[in-house]
Structures are given as structure tokens and as C-alpha cells.
Amino acid sequence: MSTKKQKITVAVTGLNNIDSPGPGIPVIRALKESTAFEVRIIGLSYETLEPGLYMHDLVDKSYQIPMPSVGTQPLLERLHYIHQQEKLDVIIPNFDAELHNFIKVADILKNAYNIATFLPTQKQFESRHKSVLYEFGKENGVKVPFAKMVFSPNDIYQLGSEFTYPVAVKGKYYDAQIASTPEQAVNYFYKISAKWGLPVIIQEFVSGNEVNVTAVGDGEGNCMGAVPMRKLYITDKGKAWAGISLADEKLVEIAQTVIANSKWKGGCELEFIKSKDGEYYLLEMNPRFPAWVYLAVGCGQNHPEALVKMALGKKVKPFKDYEVGKMFIRYSYDQIVNLSEFEKISTTGEL
């Protein structure tokens, strides 16, 4: 006997489904396949050429929102307008750089407009920044390569006694490069800081195989789901273009430990290196679903659906199993778009 699906409206960011894709479209695909909800999707975009704007089979209506750099008040005003038009039930932000603003306005959205989110606290969000990840690892029982923040090229030359080369040079939000010499590290410092600002992070380089986990926590220490993946094909930007789900109980246990100890709330991606001696080192903890989160759906764990259920105060049972050996393979797709649509989103901010 089939149960009737609840109709809800969910706003989603991260519609830039390009060579360095955002998580928005995979999250939307997951929600469209929900067995609990009939979901109307409102796309929230920052740029007029985000492909998700024009994917009308997935995105029912789209609105532009202010860039994160302008702060919370313009965001609140825009969301208030969108809510008047669409009666939003849930918002799922999918970019690291925008989460700070959404976390700050989450209580206002809930209390003033009854719009639900399911986000980490400000403390949780800041605790897993790359710049303090080493301390995060100590507090949460997981190995993390040693790292330090640098604010100038001169800082890099003064790290000689603390690091041996090669080292990883990372931006505070995105981007990572491997430098074999201090001069190369300085070169990457300029490129990364120009794009993502300061500080830049210098991290001990650990050799091994990269493995990732997409997971979702309930904010009380329970891991509601976790699926590990190994990249099979990597783009020149370091993004997975193909990957496969792994049978790795130890990796899942480590992910569960991190979420339990940090009491993580919401979706996340844990990026690990498995060293040659079988040790796991946490390289990054991204505070939102990864762009490959749809693999979890294909493996039997619909993490975005679970997040929406928790955001709406529903009981959710943790996923116990997932299918091993499921692959995802991305592909490019040329959408044909009328100029009138581009003009409309560019001039009115709506589509």
C-alpha cells in the first residue's frame, strides 16, 4: 500500500554543474527521487550562466541571490521576497563560502518565515576549517597531517624547520597544489590567495590513495548515513569525474567517529589519504554535501532526503547498508537555451 507523498518546496544553491561542479544538481536529483516527498525545486543562483538555471526538468523556478560577500541583510531581504512568491519549506545551501551567512540567518528564517535549514552551528563550521583542521583531528580522534596558516610569502620561507618538501598548498575554501620547493610554494601562494584570500594553508604531504566519504549527521552525535568512494578519474582541477563505492568498514567507522565526537549537523564530505601502511589521514572536512553525493543515492542511501526529513523535524532511521561496487561517471551535456531566458534571469533575477 503506497503512502501519499508530502508536497514541499525546497530551495537549493550550487547550480554550477560545470567541470568543477557544485553539489546543487546532484542534491536536486536525489530529492526528485524521494519516496517521502513530492518536491518543487527553487534554484538559487549567483551567476547567470549556472547551467542548473536552465535545467527545467529539475529546477521548477530560479532566482538570483546576492553574492556572499555582501553579508546577511541583502540575503535576508532577497529570501523574504522569494518566500513571498514561493512559500519555501526548506533551504539547502551547497557552497562553503555561503554557509557562514546562511548559518547566521538560520534562526531568523525559521522563526520569522518557518523556513527550515539543517546546518552545522557556527562553532562546528569554524572548527573544521582547513586552518585549524589539525586541532580538529586531535579533538575528534582522527589523524590529520600537520598544517600551518601563512599570510605572506616570507612565512613560507620561515617554515623550513617544521616541514619537509613536498607540501600541500591549500586555499581556505577550495584549491590545493603540491609544491616540491619553497619557491614553488610561494608561486602557488600568490595564485591561491588571489582567488580565495588569506590565509593560505601549508599542509604536510602524505603519500597514498585518496578516499572520500559523503555523510550526514543529526547534530546529536549520530551518523545517519555514510558512503565511501575512491576516485577512478580525476580532472586537472582534482575533481572526481568517475568513482566507485568501497567496502571499507574502517573508513566508515572513522567517519562515524568524527561525526559522533563533533556532533556534526547536516551533510558533509570527509576527504582522506590512505597511506601505504594502511593509516587514514583526514585532509579536509567539507561542511556540505559533495558534488558526487548522488552516488550515495545510487548505493541505497538518499542523504539529501534524510537531511530534509530532519530539517522538518521528522524521525529518521540511520542507514545501515549501502551497495558496494557502484560507479558514477560524469559526462558533459550541451543544453540549448533561448537567449530570451538568459536575458530574463540577467535583467529580472528570476526565471
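The numbers here are math on the coordinates, done by the rules we state, and not lab data. All values reported here derive from a predicted model rather than from experimental measurement. Virtual Cβ from ideal backbone geometry, glycine too; neighbours counted across all protein chains shown.
Below is a table of values for the structure above.
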item	result
Rounded to whole Hz, the Karplus (6.51, -1.76, 1.60) HN-Hα couplings of the range 124-141, x for glycine and proline	4, 4, 6, 5, 10, 4, 4, 5, 10, 5, 4, 5, 4, x, 4, 6, 10, x
Whole-angstrom gap from the range 117-186 to the range 220-285, using each part's C-alpha centre	18 Å
Point-charge dipole on Cβ atoms (K/R +1, D/E -1) for the range 146-204, about Cα centre, debye to 20	220 debye
Rounded to 10°, Cα long-axis angle of helix 249-262 versus longest principal axis of the chain	80 degrees
³J(HN,Hα), Karplus 6.51/-1.76/1.60, whole Hz, each residue of the range 71-81, x for Gly, Pro	x, 7, 5, x, 5, 4, 4, 5, 5, 4, 4
Assigned charges on the beta-carbon of Lys, Arg, Asp, Glu; the chain dipole about Cα centre (debye)	760 debye
In the range 249-318, the trypsin sites (Lys or Arg not before Pro) that fall in loop regions by DSSP, at most 10 other Cβ within 10 Å	K276, K315
Long-range HN-HN contacts of R40 with modeled amide H, under 5 Å	I8, T9, V10
Selection of GluC sites (Glu not before Pro), the range 169-254, meeting DSSP coil and at most 13 other Cβ within 10 Å	E220
Among I192, H56, G208 - extreme Cα towards positive end, dipole of the chain, charges at beta-carbon	H56
Taking the chain and dividing mean pair separation by its residue count, relative contact order in percent (alpha carbons under 8 Å, at least six apart)	18 percent
Cα gyration tensor, the range 1-152 - rounded (a/c under 1.5), prolate or oblate	prolate
Long pairs among K170/K191; K61/K237; K123/K191; K265/K314; K231/K320; K4/K61, criterion Cα-Cα beyond 20 Å	K61/K237; K123/K191; K231/K320; K4/K61
Chymotrypsin sites (Phe, Trp or Tyr not before Pro) lying in DSSP loop within the range 282-340, provided at most 14 other Cβ fall within 10 Å	Y331, Y333
Karplus (6.51, -1.76, 1.60) ³J(HN,Hα), θ = phi - 60°, over the range 292-307, in Hz, Gly and Pro reported as x	9, 4, 5, 4, 4, 4, x, 8, x, 10, 8, 5, x, 4, 4, 4
Cα long-axis angle, helix 96-113 against the chain (0 to 90 degrees, to the nearest 10)	40 degrees
